[in-house]
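A short write-up of the structure that comes next.
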Amino acid sequence: MDLTPQELSQYKGTDPSKPIYVAIKGRIFDVTTGKSFYGPDGSYSMFAGKDASRALAKMSKNDEDISPSIDDLSEKEIGVLNDWEKKFEAKYPVIGRVAS
């Protein structure tokens with residue numbers, strides 16, 4: 001299943017009838033089982049319904065970092081992002097990709 005960024009934004013946990021999705025490097029993960037983290041009251045709720053690649057790489061929760069843009073990340077930041085991706089792969093199913 002491919003979703004546009006606009007479609008992805010509908011899966012942020014504010015509608016209890018819909019799952020919660022977070023994308024990393026364009027791959028969409030169903031993080032509904034982690035709704036205590038990614039749901040509306042969760043400490044990572046700002047990532048829900050978005051591609052959070054840049055923010056995860058920078059270990060940032062700032063709005064300006066919540067972006068799929070990773071072109072200018074340092075080698076260390078790319079390593080951090082890859083670690084996050086592995087954690088997500090171990091915990092959450094991949095349900096599709098973000099259509100560009």
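The values are calculated or read from the model by the stated rules, or taken from the named source; none is laboratory data. Quantities reported herein were computed from a predicted structural model and do not represent experimental measurements. Glycine gets a Cβ as well: all are built from the backbone with ideal geometry, and neighbour counts include every protein chain shown. All accessible areas refer to the heavy atoms of the entire protein, side chains included, with ligands and DNA or RNA removed. Shrake-Rupley method; radii C 1.70, N 1.55, O 1.52, S 1.80 Å.
What the table shows:
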item	result
All positions within segment 30-60 that are within 16 Å of E85 (Cβ to Cβ) and either small (G, A, S) or open to solvent by less than 10 Å² (accessible area, probe 1.4 Å) (or both)	V31, G34, F47, A52, S53, A55, L56, A57
Given (1) part of a strand (DSSP E or B); (2) exposed (fewer than 14 other Cβ atoms within 10 Å of the Cβ), index of the condition G96 fails	(2)
Close pairs from segment 19-33: first more than 15 Å from E7 (Cβ to Cβ), partner in a loop (DSSP other than H, G, I, E, B) and among the aliphatic types (A, V, I, L, M), Cβ under 7 Å, at least 6 apart	I24/A52; V31/I20; T32/I20
Residue list for segment 61-73, restricted to those being open to solvent by less than 50 Å² (accessible area, probe 1.4 Å) and not aliphatic (A, V, I, L, M)	D65, S67
Residue that is assigned to a loop (DSSP other than H, G, I, E, B), in contact with a Leu (Cβ under 6 Å, 6 or more places away or on another chain), at pLDDT 95 or above and at positive phi, where the choices are G49, G13	G49
Subset of segment 5-53 (residues that are basic (K, R) and under 9 Å from the mean Cα position of the chain (by Cα))	K25, R27, K50
K12 being surrounded by fewer than 22 Cβ atoms within 10 Å (Cβ to Cβ), over 13 Å from Y92 (Cα atoms), in contact (Cβ under 8 Å) with a residue 60 or more places away in the chain and of a type in the set (K, R)	no
Filter result for the condition that a residue is out of contact with any helix residue (DSSP H, G or I) (no Cβ under 8 Å at 6 or more places or on another chain) and either crowded, with 17+ Cβ neighbours inside 10 Å or among the basic types (K, R) (or both), over K86, K25	K86
Selected residue (criterion: nearest to G26 (Cα to Cα)) from residues of segment 69-93 that are free of Cβ contacts under 8 Å to residues at least 12 places away in the same chain and in a loop (DSSP other than H, G, I, E, B)	D71
